[in-house]
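Beneath this line is the structure, given in structure tokens, with notes to follow.
The values are calculated or read from the model by the stated rules, or taken from the named source; none is laboratory data. Computed from a prediction, not measured in an experiment: that's the story for all the values here. Cβ placement follows ideal geometry from the backbone for every residue including glycine, while neighbour counts extend to all protein chains displayed. Heads up: the accessible areas ignore ligands, DNA and RNA and are worked out on the full protein's heavy atoms, side chains in. Shrake-Rupley method; radii C 1.70, N 1.55, O 1.52, S 1.80 Å.
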Amino acid sequence: MRVCGVICEYDPFHNGHAHHLRRVRELSGCEYIVCAMSGYFTQRGEAALVSKWARAEMALRCGADAVFELPTLFALRDAQRFALGGVALLDGLGVVTHLGFGSESADADALRRQALATPDPDALRAGLACGKAHARALGEATGQDAGKPNDTLAVEYLRAMRLLGAAWETVAVPRAGGGHHDGALSAMASASAVRRALRQGEDVSRAMPEAAWSLLVRQWEEGACQRADGLDGALLACLRRMDAAEMAQAADIGEGLEHRFARAAWTASGREALLDRVKCKRYTRARLSRIASQLLLGLTRSLALSHPLPDYARLLGFRREARPLLAAISERSRLPLVLRPAKFRIQHNAAFALDLRAAALWPLGCGAPQLRAGDRELTQKVIILDETTISD
């Protein structure tokens, strides 16, 4: 059985993602594609536009065969830990033979050489001392172009594979359409462009497969889409209840940054204003955004250290046609499969409890607290999609 793993966010699922899955299947010759997808919060440090259930269904309708949740503990971290969590989760399933990823260069051999390169220690120390994320500092210390975010992640995937001994074949798919942060809305627009256009009231249907678009419309009509400032009040309320010593416990905070957050929390009017006040050239905005959400959710350094790798695999959904894949995972997985989360919760897994907190808070950002996502975490059945519903 040939199975290709994909680490993703799909926030939301757009034409570029559909193109990527098609090419991954074509280039790898794999029978199945299994995704490790972020849950309610993403690697840029923000709440996802729509629920993980809606995004999982989008992926299943548009080319994926099974979707597992990348725990919040790894989804809300820098590129190095995001990649390590995704690779470890896929490796733990025991069936993956290939890894597919997007790339600006699409040169798998060059990316592998980059992953094996020994960094200049002085350059690495200097980069970290300036507050750069580990992945960026490491990339620059090995001569990597920091302006290629997909390649940066690809190199981290390859390093994680080497660390974990995952001897997979890799499939690098050239990025289609605009750049990672391209604000233009087009048929191959980026996810950030789609989110921005949607919140401005524009029609984003041309940027998404019809099956994904119809699901997004339903979420929008039900008031189940995250507003840009939806969790600002919750974040500020949380920060104003904390002192600097408590903030210092966040997973990725350091170098006295907690004092900047503590001061800014009392003068900022919202999340963006908070980040503006904390921002300086030593820290990327993405890192500060992740720290803000870590503080909101209680993602602490001690929690991260106690769970260095994913220790469960939460299945969100699969295509009925992929039952042989699920049977193989059930037989070979080295991770406990979470199919009935109410029973898994009894084990008091702290990382899983973090996922539950994320689910409980996320609906507040939609302006619809009646959306009982927290309860749904314990009762939602795995999505099983019939083959006849799959979109081309």
*Theoretical ellipticity at 222 nm over the chain - DSSP helices of four or more residues, -39500 (n - 2.57) apiece, nearest 500*: -13500 deg cm²/dmol
_Dipole in debye (nearest 20) - the chain, about Cα centre, beta carbon charges: Lys, Arg +1; Asp, Glu -1_ = 740
*Mind checking which of G367, L296, I7 is farthest towards the positive end of the chain's charge dipole, using Cβ charges of +1 (Lys, Arg) and -1 (Asp, Glu) about the Cα centre?*
L296
*Run the dipole for the range 154-263 about the Cα centre, Lys and Arg Cβ at +1, Asp and Glu Cβ at -1, nothing else charged, and hand back the magnitude in debye, nearest 20.*
120
*By residue number, which cysteines of the chain lack any other Cys whose Cβ falls under 4.7 Å from their Cβ?*
C8, C35, C62, C130, C225, C238, C280, C366
*According to the square roots a ≥ b ≥ c of the eigenvalues of the Cα gyration tensor, what is the shape class of the range 224-271, taking rounded for a/c under 1.5, prolate for a/b larger than b/c otherwise, and oblate for the remainder?*
prolate
*With every protein chain present, what is the per residue accessible area of the chain (1.4 Å probe, Å²)?*
41
*Which peptide among 76-84, 354-362 comes first, and what is the full order, when sorted by highest mean count of other Cβ atoms within 10 Å?*
76-84, 354-362
_Stokes-Einstein diffusion coefficient of the range 24-125, Kirkwood radius over Cα pairs, 4 °C, 1.567 mPa s, in µm²/s_ = 84
*Ignoring ligands, DNA and RNA, what percent of the 1.4 Å accessible area of the chain is carbon and sulfur?*
51
*Using the Kirkwood formula over every pair of different C-alpha atoms, what hydrodynamic radius in Å results for the range 204-291?*
15.0
*the range 228-371 - Rg over Rh from alpha carbon coordinates, Kirkwood radius*: 1.06
*asked:* Test of understanding: given the chain, find the longest segment containing no GluC sites (Glu not before Pro) that are in a DSSP loop and have at most 15 other Cβ atoms within 10 Å.
replied: 32-201
_Most fluctuating residue given options R301, R314, R61, as computed from a GNM of the chain linking Cα atoms under 10 Å_ = R301
*For the chain, what is one quarter of the convex hull surface built on the Cα atoms, given in nm²?*
17.8
*In the range 258-325, what chymotrypsin sites (Phe, Trp or Tyr not before Pro) fall in a loop by DSSP, with at most 14 other Cβ atoms inside 10 Å?*
W266
_Are there any trypsin sites (Lys or Arg not before Pro) in the range 147-247 that are in a DSSP loop and have at most 11 other Cβ atoms within 10 Å? List them by number._
R241
